[in-house]
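Trainee: First the structure, then my questions, so here it is.
Read the figures in this text as sums done on the coordinates, not as results from a lab. The structure presented is a predicted model; accordingly, all values stated were derived computationally and were not measured. When we count neighbours, we look across all protein chains shown, and the Cβ atoms used for this are built from the backbone with ideal geometry, even at glycine.
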Amino acid sequence: MQRFLQYINGVFEEGASSFESLDPASGQPWALMPAAGPADVDRAVRAAHDALHAPAWAGLTASARGGLLRRLGDLLSEAAPRLAALETRDTGKIIRETGGQIAYIAQYYHYYAGLADKFAGQHVPVDKPDMEVFLRREPIGVVAALVPWNSQLFLSAVKLGPALAAGCTVVLKAAEDAPAPLLEFARLVHEAGFPPGVVNIITGTGADCGQVLTSHPLVARVAFTGGPETARHIVRNTADNLAYVTLELGGKSPVIAFADADLDNVCNAVISGIFAASGQSCVAGSRLLVQRPLLAPLLARLCEKAAAIRIGAPDDTGTQMGPLATRRQQSRALALVRESVAQGAQLLCGGSVPDGFGGGFYFAPTILYCENSDLPCVREEFFAPVLSVLAFDTEEEAIAIANDSKFGLAAGVFTRDLARAHRLVRSVRAGVVWVNTYRAISPMVPFGGFGESGLGREGGAEAILDYTRTKSVWLNLSDAPLPDPFVMR
Ligand code: NAD
């Protein structure tokens with residue numbers, strides 16, 4: 001079995017204990033991972049805290065920090081095939097997806113490398129004579145970054161990029177499911193030449209590692225991606241250290257298709273929106289809202305396409321859909337589909353574990369037709385390839401159904417009517433709205449949600465400001481002594 005190590009203060013080392021990671025395609029253990037215990041977490045945070053003020057990091061110019069980030073991006077670009085193979089092995093995400101995605105993540109490091117010396121403080125034209133006031137943007141401090149198992153390298157890049165550009169130091173916790181790609185990524189951080197302690201990469205359970213990390217008194221900032229329930233724990237954990245928190249959480253994103261939309265375009269967007277990454281994506285377009293005249297032709301096309309998806313080994317370049325990452329996900333998907341069908345959802349295709357894959361965590365592409373939104377498959381996030389379809393007649397009805405969700409992460413609007421597209425953009429409650437496209441992302445564009453989908457935004461230039469705090473500086477330019485406060489004038 002392959003062994004992985006944690007990375008603390010510039011040193012690769014064993015964890016307090018270890019655990020097996022399962023290959024989702026076979027359900028068998030394939031690697032031994034280091035589990036950080038509370039003492040490891042404490043050492044990692046202290047290393048980050050020491051590094052924050054040490055001249056080797058604090059003394060660098062912003063341009064030099066950018067240089068290190070650029071080098072990290074270059075190394076990531078070179079290592080993309082190796083990391084893609086690891087992510088595919090550990091998460092079951094197909095190699096066709098991991099290959100392209102990881103190569104693109106380098107752009108995030110390059111983008112924040114370029115921004116490192118382009119954000120600045122401010123001069124304030126203050127209303128007091130003789131006073132010079134300026135604002136310094138200083139690194140906020142030690143960042144605890146936590147990611148879930150899907151797309152760990154990507155979800156880390158949107159945290160590490162702005163954090164390091166701002167001059168912070170980081171303890172990054174890989175998810176305990178499928179941590180291999182991030183633990184391997186630590187080798188690139190090391191090779192890029194970041195001083196010891198600036199970036200520490202560990203993994204472990206929520207209780208022993210995640211909780212200790214997010215409640216640590218030396219942590220000033222928590223950047224979390226994961227589920228809403230864990231997010232509530234995180235907020236409670238930070239009641240003690242009062243860390244500044246951003247939360248990127250789940251979704252139940254609507255794809256709204258009007259009758260005038262291009263059928264091929266909608267069909268491809270829906271298929272990639274829900275079946276890419278086997279549906280294990282926070283922005284999965286898991287609720288399809290279709291205007292009635294388009295319903296029959298679109299459903300026929302979608303079912304045909306779903307049935308033709310080639311399910312197979314994730315490392316086979318011919319495979320179009322691989323397994324889910326964990327057995328837990330597979331069991332949850334089965335249970336939610338059964339419950340939804342029992343409550344009235346109509347199963348159009350899939351809904352079961354496909355034959356011929358032994359103990360692998362596979363789940364068939366599934367489409368459910370739903371008369372209303374009161375079904376578990378419409379309400380709950382699956383994180384599986386399950387699409388719930390609802391029909392609507394009017395624009396108002398479409399908006400009402402789209403907004404009838406505790407989540408508000410993303411939405412897709414498909415129409416050729418420009419004015420209607422703009423009305424939907426204004427009315428739909430989501431952090432990202434795609435019009436006649438779906439899933440487009442870029443380092444330059446902020447990302448985040450409303451309601452149970454989260455708090456704050458990641459990506460884009462402004463993300464750096466979230467890793468800084470303002471210091472207001474007052475400078476008295478007068479040579480005259482200050483007035484005596486006890487002498488009346
Ligand atoms: P999760 O919430 O279970 O785990 C996320 C991380 O939190 C893991 O590292 C875990 O160890 C840690 N953790 C667990 N309990 C903790 C605690 N008490 N204190 C501190 N840390 C703790 O997430 P998951 O179920 O593995 O991932 C799926 C979720 O992530 C979905 O809801 C999905 O939508 C969401 N997600 C969101 C985005 C986004 O950008 N909005 C992206 C990907 C995934």
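Trainee: What number does the chain give for Rg over Rh if you use C-alpha atoms and the Kirkwood radius?
Mentor: Rg divided by Rh gives 1.03.
Trainee: When the Karplus curve 6.51 cos²θ - 1.76 cosθ + 1.60 is applied with θ = phi - 60°, which whole-Hz ³J(HN,Hα) does each residue of the range 27-35 get, with x for Gly and Pro?
Mentor: Per residue, the Karplus-derived 3J(HN,Hα) values read x, 9, x, 10, 8, 10, 10, x, 9 Hz.
Trainee: For F134 and H53, what does the FRET efficiency come to when R0 = 35 Å and r is the distance between their Cβ atoms, rounded to the nearest 0.05?
Mentor: 0.95
Trainee: Please list the non-local residues whose amide H lies under 5 Å from the amide H of L289, H modeled 1.01 Å from N, same-chain partners needing a gap of 5 or more.
Mentor: V255, I256, A257, L390
Trainee: Out of residues 5 or more away from T203 or on other chains, whose amide H comes under 5 Å of its own, with H placed 1.01 Å from N in the peptide plane?
Mentor: Amide H neighbours of T203, under 5 Å, 5+ apart: A36, A174.
Trainee: Per-residue ellipticity at 222 nm for the chain, helices alone: DSSP H runs ≥ 4 residues times -39500 (n - 2.57), over residue total, nearest 500 deg cm²/dmol?
Mentor: After summing the helix terms and dividing by residue count, I get -12000 deg cm²/dmol.
Trainee: Of the beta bridges DSSP finds with both residues in the range 66-173, what % are antiparallel, to the nearest 5?
Mentor: 40
Trainee: If one computes the Cα centroid of the range 140-155 and of the range 376-448, what distance in Å separates the two points?
Mentor: Taking the Cα centre of each part, the range 140-155 and the range 376-448 sit 26 Å apart.
Trainee: Continuing with this model, one more query. Regarding the range 337-489, what is the average projected area of its C-alpha convex hull, in nm²?
Mentor: Orientation-averaged projected area of the Cα hull: 19.5 nm².
Trainee: For E13 and S26 in the same chain, what is the full-extension length gain: residue separation times 0.36 nm, less their Cα-Cα distance, in nm?
Mentor: Length difference between fully extended and current span is 1.8 nm.
Trainee: Over all directions, what mean area does the Cα convex hull of the range 197-344 project, stated in square nanometres?
Mentor: About 12.9 nm², averaged over all directions.
Trainee: Further, regarding this structure: How large is the charge dipole for the range 436-482, taken about the Cα centre, if only the Cβ atoms of Lys, Arg (+1) and Asp, Glu (-1) carry charge, to the nearest 20 debye?
Mentor: Computed charge dipole of the range 436-482: roughly 100 debye.
Trainee: For the residue pair V235 and D393, what label-to-label distance in nm results when each label sits 7 Å from Cα along the Cα-to-beta-carbon direction?
Mentor: Each label point lies 7 Å from its Cα, and together they span 3.9 nm.
Trainee: Right, here's the next one. Against the longest alpha carbon principal axis of the chain, how many degrees, from 0 to 90 and to the nearest 10, is the axis of helix 38-53 turned?
Mentor: For 38-53 against the chain, the angle is about 50 degrees.
Trainee: Let me ask something else. Work out how much length R310 to M488 would gain on full extension: take 0.36 nm times their residue separation and subtract the Cα-Cα distance, in nm to one decimal.
Mentor: Extra length available between R310 and M488 comes to 55.4 nm.
Trainee: Still on this structure: Tell me, E78, E87 in order of fewest to most beta-carbon neighbours within 10 Å?
Mentor: Placing the least packed residue first, the sequence is E78, E87.
Trainee: If you rank I399, I201 by fewest surrounding Cβ atoms within 10 Å, what's the result?
Mentor: Least crowded to most crowded, the residues run I399, I201.
Trainee: With θ set to phi - 60°, apply the Karplus curve 6.51 cos²θ - 1.76 cosθ + 1.60 along the range 422-427 and write out the HN-Hα couplings as whole Hz, x wherever there is a Gly or Pro.
Mentor: Using θ = phi - 60°, the values come out as 5, 4, 5, 4, 6, 8 Hz.
Trainee: May I pose another question? Check which residues have an amide H placed less than 5 Å from G460's amide H, if you skip close sequence neighbours.
Mentor: When sequence neighbours closer than 5 places are left aside, the close amide H contacts are M444, V445.
Trainee: Fewest Cβ neighbours within 10 Å first, please rank W434, W57, W474 accordingly.
Mentor: Going from least to most buried by this count: W474, W434, W57.
Trainee: Out of the range 1-38, which GluC sites (Glu not before Pro) are coil in DSSP terms and have no more than 13 other C-beta atoms within 10 Å?
Mentor: none
Trainee: Next question, about the same structure. What does DSSP give for the range 254-435 in terms of the percent of beta bridges that are antiparallel, rounded to the nearest 5?
Mentor: Of those bridges, close to 10 percent are antiparallel.
Trainee: Label point 7 Å out from A62 along Cα-to-Cβ: which residues of the range 102-126 have amide N under 14 Å?
Mentor: Counting only backbone N, you get 112-123.
Trainee: Which length gain, in nm to one decimal place, applies between A480 and D262 when the Cα-Cα distance is subtracted from 0.36 nm times their residue separation?
Mentor: 71.1 nm
Trainee: Ignoring solvent entirely, what values of log10 I(q)/I(0) come out of the Debye formula for the range 254-435 at 0.11, 0.14, 0.19 Å⁻¹ when each Cα is a single scatterer?
Mentor: Cα-only, vacuum Debye calculation for the range 254-435: -0.44, -0.71, -1.28.
Trainee: Given all pairs of different Cα atoms, what value in angstroms does the Kirkwood hydrodynamic radius of the range 292-378 take?
Mentor: Computed over Cα pairs of the range 292-378, the Kirkwood hydrodynamic radius comes out at 14.1 Å.
Trainee: Shifting gears a bit: Return the Rg/Rh ratio of the range 1-151 with Cα-based radii and a Kirkwood Rh.
Mentor: Ratio of gyration radius to Kirkwood radius for the range 1-151: 1.09.
Trainee: Please list, in order along the range 151-159, the HN-Hα scalar couplings obtained from phi with the Karplus expression 6.51 cos²θ - 1.76 cosθ + 1.60 (θ = phi - 60°), rounded to whole Hz, x for Gly and Pro.
Mentor: Working through the residues one at a time gives 6, 5, 5, 5, 5, 6, 4, 6, 9 Hz.
Trainee: Using the Cα centre of the chain as the reference point, and only Cβ charges (+1 on K/R, -1 on D/E), how large is the resulting charge dipole? Debye, rounded to the nearest 20.
Mentor: 280
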